[in-house]
Amino acid sequence: MIKPTLISLVMIGLLNGCSKPEDPTSTEAPYTQMAQNYQHMLDRFVDIDMQADLSTVSDQDIQVLKKLIQVADILDIIYLKQTYEDNPKIRQTIQDSTSPHQQALLALYDLHYGPWDTLEADKPFFGQVKRPDGAGVYPVDMTRDEFNQWIASHPEDETAFKSGYTVIVRDADKLKAIPYSQYYAKELQAAAKLMQEAAALTQDKSLRIFLLKRADAFLNDQYRDSEMAWMDLNGSLEVAIGPYETYTDKLFGYKTFFEAFITVRNPEDSAKLAVYKKYLTQMELNLPIQDEYKNLQRGAESPISVVDQVAGGGDNKPGVQTVAFNLPNDEYVREIKGSKKVMLKNVLNAKYQAIMQPISSLIINKAQQPLLMEKYFFNETLFHELSHGLGPGNITLNGQQTSVSEQLKETYSKIEEGKADVMGAYNMLFLMDKGELPNAERQNMLVTYFAGLFRSMRFGVHEAHGAGAAFQYNFFKEKQAFTFDKQTQTYHVNFVELEMAIRDLVKEVTMIQALGDYQAANAFLTQYAVLADEVADINQKMASIPTDIKPHYPKL
């Protein structure tokens, strides 16, 4: 297979990074300071021994889980290459180095899946090479203009080049698209075999069908049938395995990255949340935009699963941990069958106790602290995922069918994550008006939602969720939806103004999506997706609070 051409200086820069002990005559920071810096970077993630309720899982399905965990490990390998083609070589370089910081560097590398700090705008902690926007799925020296010019000159290549399931490489003086099934053939064939073996073991018909169809997709890059089958999973195991999110493609947001969620369903909690599904159409109708832009064609099946995660792989493991997901991302499947919301209960609980609770007690003024409720940290996450399935998806521009993600390109993830946040709060207010959620807890929800923005802003505005939280904060600041006390560095939520601002922001970002307006998305993010000075100061104040968790799942 043809590999992407890599700039030779990339590896030279990395190899010269921290691969030998410090020279006392150099200008580098002394050993103790560097050691403290690395330890601080590691301490931003608190180690948590995760618990999972396996009481509903049969002995036979435990064997299925073990097979699927092996699949997750394989997707780890693929994701590492997708993130940066020479990632495995970089890790080996650190491992072979004589740096006194070798163990800390290895731990950081394994935490972030590469030599870049994902909490600090991808700043390198090993070497000086800038993380390429195209990750490892485009040539590192390829620009957006070159890609677009190639398609303009070779329109027959557009579908393959923009596909979520191809790697773009150089072939002499040409660009070429290689399907994932070929580029990652060794790993995907091994993963497919394990999924076929797991399918043969399980008694769950829906899981067997999904695993067999997804194994086929790994070999032929045709994912739609298996996405349909995934929507029908209804047994004790809930697994998502495949190429899904596009966050790591910061060049265009076209390419999907491999990941795995291996989880066990909590049937009682899942049943409790099923009531919200019936309101999805009403939520769409309630959006504060003109009816012509509302998406009433999407399927309303939208099951909700509450699960405990027992293992992960690929894109869901590095850095900040996922608390919930809403899949599939294929707009065709969404319009036929809707999308499924999966809540990782044990991850959510761990984050609330270790991070959200101490942040809230630090930044919310004493008068409003009694309003904070763990219930609404969970609910905001749920309604965030529900809201991913609402609003514009497939749209028509200039008489042509297209999608919001294709039109907004690399801005899409930031706009969409912030939209899902604020629309989640908007939809909870709607259900309170309907009496489905307690209206008496309106203020509890608003304070808890507002406090949650600070947890996400710590991820940095370069990251989709961090940028989405920042633009909410700055928009609300402009609308005077909160008061900030500079002396105590605490916040007081102005409830009436916040409710109005939530509605206004939902309208603004949803219309950017409805019109597929890339320029408006860029301008909006430039204005609002920035870290306010007072938030930067508060981040320093919160330095002793972990930024996220580092989960350790039990061995099966």
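Go through the range 242-271 and give me each residue that's out of contact with any helix residue (DSSP H, G or I) (no Cβ under 7 Å at 6 or more places or on another chain), within 18 Å of Lys345 (Cβ to Cβ), in contact (Cβ under 8 Å) with a residue 12 or more places away in the chain and of a type in the set (D, E, K, R).
Listed by number, the list holds a single entry, Arg265.
Can you find a residue that is assigned to a helix (DSSP H, G or I), closer than 19 Å to Gln95 by Cβ and modelled with pLDDT of 95 or more anywhere in the range 60-76?
Yes: the range 60-76 contains one or more residues that are assigned to a helix (DSSP H, G or I), closer than 19 Å to Gln95 by Cβ and modelled with pLDDT of 95 or more.
For Asn539, all conditions in the list (1) in a loop (DSSP other than H, G, I, E, B); (2) modelled with pLDDT under 95 hold save one; what is the number of the exception?
(1)
Select from the range 260-319 the residues that are among the aromatic types (Phe, Trp, Tyr) and either in a helix (DSSP H, G or I) or in contact with a His (Cβ under 7 Å, 6 or more places away or on another chain) (or both) and write down the one among them that is farthest from Leu505 (Cα to Cα).
Once the filter is applied, the top-ranked residue is Tyr276.
List, please: which pairs have Cβ atoms under 7 Å, are six or more places apart or on different chains, and start with a residue in the range 486-501 that is closer than 18 Å to Phe475 by Cα and end with one that is in a helix (DSSP H, G or I) and of a type in the set (S, T, N, Q)?
Listed pairs, sorted by first residue: Phe495/Gln443.
What strands (runs of 3 or more DSSP E), lying completely within the range 329-409, carry at least 1 residues that are at pLDDT 90 or above and open to solvent by 50 Å² or more (accessible area, probe 1.4 Å)?
394-397, 400-403
Inside the range 503-522, can you point out the residues that are open to solvent by less than 60 Å² (accessible area, probe 1.4 Å) and either over 17 Å from Asn295 (Cβ atoms) or assigned to a helix (DSSP H, G or I) (or both)?
Result: Leu505, Val506, Val509, Thr510, Met511, Ile512, Gln513, Ala514, Tyr518, Ala520, Ala521, Asn522.
Every residue, every condition in (1) farther than 30 Å from Gly134 by Cβ; (2) out of contact with any Pro (no Cβ under 9 Å at 6 or more places or on another chain); (3) assigned to a helix (DSSP H, G or I); (4) open to solvent by 20 Å² or more (accessible area, probe 1.4 Å), yes or no:
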| position | (1), (2), (3), (4) |
| --- | --- |
| Lys414 | no, yes, yes, yes |
| Leu431 | yes, yes, yes, no |
| Gly452 | yes, yes, yes, no |
| Ser456 | no, yes, yes, no |
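Within the range 246-278, track down each residue that is touching a Leu at 6+ places or on another chain (Cβ under 9 Å), open to solvent by 20 Å² or more (accessible area, probe 1.4 Å) and modelled with pLDDT of 95 or more.
Arg265
Which condition number does Ile304 fail, the rest of (1) without any contact (Cβ under 8 Å) to a residue 40 or more places away in the chain; (2) crowded, with 20+ Cβ neighbours inside 10 Å being met?
Every condition holds for Ile304 apart from (1).
Is the range 108-119 home to any residue that is in a helix (DSSP H, G or I) and open to solvent by 30 Å² or more (accessible area, probe 1.4 Å)?
yes
Residues of the range 211-222 being open to solvent by 10 Å² or more (accessible area, probe 1.4 Å) and touching a Phe, Trp or Tyr at 6+ places or on another chain (Cβ under 7 Å), which ones?
Result: Asp221, single match.
So which residues in the range 459-480 are open to solvent by 40 Å² or more (accessible area, probe 1.4 Å) and over 13 Å from the mean Cα position of the chain (by Cα), if there are any at all?
The answer is Val461, Lys477, Glu478, Lys479, Gln480.
Any residue in the range 142-152 that is open to solvent by 40 Å² or more (accessible area, probe 1.4 Å) and among the aromatic types (Phe, Trp, Tyr)?
yes
The values are calculated or read from the model by the stated rules, or taken from the named source; none is laboratory data. Computed from a predicted structure; not experimentally measured. Backbone-built Cβ (ideal geometry, glycine too); neighbour counts: all protein chains shown. Just so you know, the surface numbers come from the protein's heavy atoms only, side chains and all, with ligands and any DNA or RNA stripped out. Shrake-Rupley method; radii C 1.70, N 1.55, O 1.52, S 1.80 Å.
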